[in-house]
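This report concerns only the one structure given below.
FYI, it's all coordinate maths here, none of it is from the lab. Note that the structure is predicted; figures quoted are calculated from it, not measured. With ideal geometry, Cβ positions are generated from the backbone for all residues, glycine too; neighbour counts draw on all protein chains shown.
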Protein chains: 2
Amino acid sequence: MKVVDSISRMSTLSRMLKKEGKSIGFIPTMGALHEGHLSLARTAKKHTDAVVMSVFVNPLQFGAGEDYERYPRDFKKDEMLAMNAGVDILFCPSAEAMYPAGYATYVVVERLGDALCGASRPGHFRGVTTVVAKLFGIVRPAVAYFGQKDAQQAVIVKKMAEDLAMDVEVKVLPIVRDADGVALSSRNVYLSAEERSDAAVLYRSLAQAAAMIDAGERDAGKVTAAMRRMIEERPSAKVDYIAIVDRKDLLPLDPIAGDALVAVAVRIGKTRLIDNITRKVP
Amino acid sequence: MKVVDSISRMSTLSRMLKKEGKSIGFIPTMGALHEGHLSLARTAKKHTDAVVMSVFVNPLQFGAGEDYERYPRDFKKDEMLAMNAGVDILFCPSAEAMYPAGYATYVVVERLGDALCGASRPGHFRGVTTVVAKLFGIVRPAVAYFGQKDAQQAVIVKKMAEDLAMDVEVKVLPIVRDADGVALSSRNVYLSAEERSDAAVLYRSLAQAAAMIDAGERDAGKVTAAMRRMIEERPSAKVDYIAIVDRKDLLPLDPIAGDALVAVAVRIGKTRLIDNITRKVP
């Protein structure tokens, strides 16, 4: 596995791979790799000729008072995990190289980024789309892999790629969960033992929502109220949002119909966690 | 010469050309082709393997009350001129295909688009960068050619390509002028005979500025005041702006120093014309 920190070197490697007719599979990450990321890498390994993973904690997608500074970083561990998952090139540019003095260009997807996580994290998705557009420019992947855990991010990145006719296929793979149902997240390391136990309520509330919908409930208010009750029983939990939206345009669904996304964001102590499930309703 | 109106077909052609190892030279235009555009195509022909020209009157870069509806369109003439200039593929998508219902993604270069033309045409450069990013996505050129007449546009597009690590070289070629000094522009067809004669004052005022700077004048206010006096003598002329700025960051230069751009925008009757010269000052 090559480890590359220079943008121009990464760019040259991509150009060479493409010249050789090789397809590049790309997994953009912020490091602190877990099985969610690694499952993306292993899928990329199966379907593309060369797997590039980026590790870049993107300052642009963190707001004031968020956890940019303390976001978990363990490059040596990431390096080993990436290598074992079959990554061919690990690309880890510096923030100064990605956003040099005078940097001025931003990619914005309107509307889709306003609700859900966008409401409590203003500017977050602008940071995501900008860095992903730039990483696509450098890496030039045939396929880029994202996790369904960040459902809104996945929808927005797909929309950006479609709108700007980017020559990349965006694939979204299922959430990977721990045995207690908690969706894998780099931020789970922030949780105390007690908080970790409380964190399991996100998925339990989603499973309850799924059961209600599967049993025929179509009233979004009833489903989200039941979820809220369950979540608020946990001492360290504070709901940021609970939403049932259309999976494609992220607009609220009430009654629940079509291709639905049930999404939650909850603060467990000081840690903001997100999770979601999807439901096809006839 | 192929004429292609489908985005997916253009995309496929680009992919095939790249697979064959051919470099694509790209000239984005809004049609109403003149020698300025054609000189770009002929240069592309010399330096790249396949020349793609787009003809697309981009609604996104026109403001309310501007000339989107009446912007000159003569596709048959453009087709002939492009063919004679050596264009291999003429790409002419519809506005509906470029911006289908629900279109939501925009590329913005901050600061550089605020002054000069950006001040009197809010949103204009957002429209330019967005369409150029999308056209780059579809055409995937090795080299893209722009005219120096739209100096601010050229600076902004270069900045976008650099910031987003787009895999394209942006080349800017000199202004082509008529015998009376008027810079070629698709909008010149709007001018009456009298206005056309007045329009020559743009270049005359720039030539005067060049002479003053070359003679050692470094006071930007003196140079622009002399230009303004000359322009305002013409009955149909109304100055939009006269500016002396740094050629790279477009910030005002006073005293005049370094790599200077002297730029003017003038309304001649109802037609807004722009022109510029550059000066290297030791």
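Using bins 10 angstrom wide from zero, how does P(r) for chain B break down, in % of all Cα pairs?
Here the calculated profile for chain B is 6, 28, 35, 22, 8, 1.
Which one, A:Pro252, A:Pro72, A:Pro100, has the greatest fluctuation when you compute a Gaussian network model over chain A with C-alpha springs under 10 angstrom?
A:Pro100
If we hang a label 7 Å off Cα along the beta carbon direction at B:Lys171, how far is it from the matching labels on the other copies, in nm, shortest first?
So the distances to the same position in the other copies read 3.8 nm.
Given a cut-off of 20 Å, name the pairs among A:Lys22/B:Lys19; A:Lys134/B:Lys134; A:Lys134/A:Lys159; B:Lys45/B:Lys171; A:Lys158/B:Lys22 whose C-alpha atoms lie farther apart than that in the structure shown.
Listed pairs above 20 Å: A:Lys158/B:Lys22.
How far apart, in nanometres, would the label points at A:Asp5 and B:Val281 be if each is projected 7 angstrom from Cα along the Cα-to-Cβ direction?
4.1 nm
If we sort B:103-109, A:139-145 on the protection proxy, mean other Cβ atoms within 10 Å, highest first, what's the order?
By packing density, highest mean first, the sequence is A:139-145, B:103-109.
Sorted from shortest, what are the nm distances separating the label point of A:Lys238 from equivalent points in the other copies, each placed 7 Å from Cα along Cα to C-beta?
Inter-copy label distances (nm, one decimal, shortest first): 5.6.
Sorted from shortest, what are the nm distances separating the label point of B:Asn84 from equivalent points in the other copies, each placed 7 Å from Cα along Cα to C-beta?
Values, ascending and in nm: 6.9.
Rounded if a/c is under 1.5, else prolate if a/b beats b/c, else oblate: with a ≥ b ≥ c from the C-alpha gyration tensor eigenvalues square-rooted, which is segment B:217-271?
Note, shape of segment B:217-271 comes out oblate.
Find, among the residues of chain B, the one whose Cβ sits nearest the axis of the rotation taking B to A; state the distance in whole Å.
Result for the B and A rotation: B:Val107, 3.
Can you spot the aspartates and glutamates whose alpha carbon is less than 15 Å from B:Lys18's alpha carbon? Ignore those fewer than 8 places along the same chain.
Correct list for B:Lys18: A:Glu20, A:Asp167, B:Asp49, B:Asp88, B:Asp167.
Rg(Cα) of the protein assembly as shown divided by 2.2 N^0.38 Å?
Computed over Cα atoms of the protein assembly as shown, the ratio equals 1.11.
Count, for each residue of B:132-140, the Cβ atoms from other chains sitting within 10 Å of its Cβ, then give me the mean as a whole number.
4
About the Cα centre, and with charges only on the beta carbon of Lys, Arg (+1) and Asp, Glu (-1), how big is the dipole of segment A:186-277? Nearest 20 debye, please.
320 debye
Need the list of aspartates and glutamates near A:Lys222 for cross-linking: C-alpha distance under 18 angstrom, and skip anything on the same chain fewer than eight residues off.
Hits, sequence-local ones excluded: A:Asp214, A:Glu232, A:Glu233, A:Asp240, A:Asp246, A:Asp254.
For A:157-167, what's the mean count of beta carbons from other chains sitting within 10 Å of each residue's beta carbon?
Mean partner shielding for this stretch: 6.
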